[in-house]
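Taken together, the values in this text are just the output of simple stated rules run on the coordinates, not laboratory data. As the structure is a prediction and not an experimental result, all values here were calculated from the model. Note that each Cβ is placed from the backbone with ideal geometry, even for glycine, and that neighbours are counted across all protein chains shown.
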Amino acid sequence: MSTQQNIWFITGSQHLYGSKVLDQVKENSQTMVNGLNQTKRLPLTITFKSIATTPEEINNLCMAASVDKTCAGVMFWMHTFSPAKMWIKGLQALQKPWMHLHTQLNAELPWQSIDMSFMNLNQSAHGCREFGYIGTRLGIDRFISVGHWQDPEVHQDIDNWMRAVIGWQEGQNLRIARFGDNMRQVAVTEGNKVSAQIQFGYEVHGYGVGKLVAYCDQVSDHQINEKLDEYFASYEVMFSQSDTDKMTKLKNEALLEIAMETFLTDHGCMAFTNTFEDLTGLTALPGLATQRLMAKGYGYGGEGDWKTSAMVRILKAMSVGLPGGTSFMEDYTYHFGHHAQVLGAHMLEVCPSITDAKPILDIQRHTIGCKEDIARLIFTAKAGPARNLTKIDLGDKFRFILNELNTVTPPDSLPNLPVAHALWEPEPSLRTSAQAWILAGGAHHSAYTSAVPTEFIEIYADMVGVELCVINAETQIRTFKKSLL
């Protein structure tokens, strides 16, 4: 998202109160906006645009917000009473996410001096209820924060909403490159790309692998050698530079990373997919190259899974500046012990942003599809709270399914597992979570994130109008099953 993008702040009122009151409304609005920006904890700057007192002003402001490329979203506050029929046309025209801030300038009432002038000026308590009604009457999903604008809880609400706005904006501008097609005969990674573009905004473009091969042919030895120096400086490499065979494999991975990143940059793509079943012209499935591109912020989905690729990129955009990471992930195998656990991994492509350890770089045999020795990063995900988020296409609609997790440190070193991995205990238990996931139709691929909390994703799901099924510590199968739309 461009650093120039900001959130417009629009205050509702009406001409009934006279120019003196409206001047005070404007001044108070600016005070509030300045104070919110000075908290230094919000990911986007708030810009006070105007007070709105007539249907024409409201409509013009909403139309302007819709077409302004620097406007990421809109915050509305009703300082006084603002008759809600004035807002119908404008809210119907608004094409950006918006939130309703239900607050007032003063935290406490001036008990000794309060009079009707004060009451008429500071009547958000019922002005915002009038505004709230019309949002519900119009059937508009929006985020509502209630509390004094200086309260940390309100700041957290605004931060959550802004992070979701960033995700929404990323979806509107995202292009996904598919190198080859979907893994053959797999159902859940398929989907309607037209419906996805209408719902989420992103575009999915297919490219023959030969297009990428042409980029590989343009990579120079100098570029490869620079990348090799970067690898040896960044990771714990398990072989020496005198090992000719392994260095050849590593050079190939550097070539693939450079070629893919150049291709994605030239084509304006921040996410991509590939599949081991379609590698014509390439020496192997990219491993280390894909992991490093994810670490740089690119979305990825294996076996042609463009839905997960988009979700990984959107979550990465939401979480810029936050601790933790986001990766493509797959539920791989179970440990049915005292605390039942899931070992998540993939053939090669797990993002190092989810670990706090220095990854191991090694060359290991890839045994599925293409049988080649491939460079990859090996590590264990950092212990702590995390979430798996999947997006499925049900034909007539999309659905998000989210499972809250407790990632744990493996009890042993896993010396023979040649891939990056995460071990987690799903909430409320493996037995319940897996049953709920399967009932909801959850995919075997997901976007695993330790950076983006459930609250961000809930707000984002409302913005894009998609059902979100949350599996957490409170989940009970009977209730969960009835909640599915």
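Numbers at a glance
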read-out	value
Ranking of LEU288, LEU485 by count of other Cβ atoms within 10 Å, fewest first	LEU485, LEU288
Largest-first ellipsoid semi-axes for the chain, taking √(5λ) over the Cα gyration tensor eigenvalues, angstrom	47, 24, 21
Globularity ratio of the range 268-401, using Cα Rg and 2.2 N^0.38 Å	1.08
Simple label model, 7 Å out from Cα along Cβ direction - GLN241 to ILE198, nm	5.6 nm
Cα Rg, Dmax, the range 69-224, angstrom units	24.2, 80
For the chain: relative contact order, % (alpha-carbon pairs under 8 angstrom, 6 or more apart)	12 percent
Taking HIS79, HIS444, HIS102 and counting other C-beta atoms within 10 Å, the order from fewest to most	HIS444, HIS102, HIS79
Using alpha-carbon coordinates, inclination of helix 221-234 to the longest axis of the chain, degrees	70 degrees
FRET E, pair LYS481, LYS211, Förster distance 56 Å, beta-carbon r, rounded to 0.05	0.80
Folded to 0 to 90 degrees: helix 244-266 orientation relative to the chain principal axis, Cα	30 degrees
Fully extended contour minus Cα-Cα distance, from ARG184 to SER113, at 0.36 nm per residue	18.1 nm
Neighbour-count order for TRP98, TRP111, fewest beta carbons within 10 angstrom listed first	TRP111, TRP98
Out-of-range pairs (alpha-carbon distance over 21 Å; input LYS193/LYS371; LYS397/LYS481; LYS193/LYS391; LYS296/LYS358)	LYS193/LYS371
Counting DSSP beta bridges with both ends in the chain, the antiparallel % (nearest 5)	50 percent
